[in-house]
1. Counting only residues that are among the aromatic types (Phe, Trp, Tyr), give me the strands (runs of 3 or more DSSP E) lying completely in the stretch 1-96 with at least 1 of them.
2. Among the residues of the stretch 66-83, which ones are surrounded by 14 or more Cβ atoms within 10 Å (Cβ to Cβ) and more than 13 Å from residue 26 (Cβ to Cβ)?
3. Exactly one condition in (1) at pLDDT 85 or above; (2) assigned to a strand (DSSP E or B) is false for residue 149; which is it?
4. Considering only the stretch 9-18, how many residues are farther than 19 Å from residue 68 by Cα and open to solvent by less than 50 Å² (accessible area, probe 1.4 Å)?
5. Suppose the filter is of a type in the set (A, V, I, L, M), under 20 Å from residue 52 (Cα atoms) and either at pLDDT below 75 or open to solvent by less than 40 Å² (accessible area, probe 1.4 Å) (or both); does residue 163 pass it?
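The values are calculated or read from the model by the stated rules, or taken from the named source; none is laboratory data. All values derive from a computational prediction rather than experimental measurement. Note that each Cβ is placed from the backbone with ideal geometry, even for glycine, and that neighbours are counted across all protein chains shown. Please note that ligands, DNA and RNA were not included when accessible areas were found on the heavy atoms of the full protein model with its side chains. Shrake-Rupley method; radii C 1.70, N 1.55, O 1.52, S 1.80 Å.
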Amino acid sequence: MSMSEPEKWYILYCRPRQEQKLAHFLDKLGIEHYLPLVERKRQWSDRIKFIKVPLFSGYIFLHIDWEDRKKALENSAAVQFVRTEKGPAILTDQEIENVRILIATAHNVSARTASDFPPGKKVRFHTGPFKGMEGIVHRTKNRARLFVYLPLIGQLASTEVDAHDLEDAW
């Protein structure tokens, strides 16, 4: 690992339904990564089963020095690192922590592309396990849905919340 660049959170795009395979490969290499998984109910003709699936299909987050990226690309499940016009896409520690908190404390977490939702009100939680977290809300009936937006991959993680837990953020 290079001492010149601190480790940052990079976004690695991978082949469909290969996220967990890639995570196991990264474990073996000792590369720090984060693959947010959520539990989903799947029904077959003879049974119902709960399985863990990636929250953001096709993406895994790597906490690495940019010079070490080639090791992660050695697996056939890895496609490429997400890039912007300025270079590799980088997530902040706070963005990763927001996703971790959402998964650890919320029920019925899901992810959708940002284009699926109209622009909404920007809010901040003032109570509960999400206290201090900011997001975008889309109202549905008497409940609110909070979205944690990761603009670099155009994805939203969301969960239903009580509107009384929110306040204006801006």
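1. Values: elements: 8-14, 37-43, 48-54, 59-64, 78-81.
Hits in the stretch 1-96: 8-14, 48-54, 59-64, 78-81.
2. Those that are surrounded by 14 or more Cβ atoms within 10 Å (Cβ to Cβ) and more than 13 Å from residue 26 (Cβ to Cβ): 66, 79, 81, 82.
3. Evaluating residue 149 over (1) at pLDDT 85 or above; (2) assigned to a strand (DSSP E or B) leaves (1) as the failure.
4. So the first thing to find is which residues in the stretch 9-18 are farther than 19 Å from residue 68 by Cα, and the list is 15-18.
Keeping just the survivors that are open to solvent by less than 50 Å² (accessible area, probe 1.4 Å) gives none.
Adding up the residues that qualify gives 0.
5. Details: of a type in the set (A, V, I, L, M): yes; under 20 Å from residue 52 (Cα atoms): no; either at pLDDT below 75 or open to solvent by less than 40 Å² (accessible area, probe 1.4 Å) (or both): yes.
So residue 163 fails the test.
Here's the yes/no breakdown for (1) farther than 13 Å from residue 157 by Cα; (2) within 12 Å of the chain's Cα centre (by Cα); (3) open to solvent by 50 Å² or more (accessible area, probe 1.4 Å):
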residue	(1), (2), (3)
24	yes, no, yes
36	no, yes, no
44	yes, no, yes
47	yes, no, yes
56	no, yes, no
64	yes, no, no
85	yes, no, yes
95	no, yes, no
98	no, yes, no
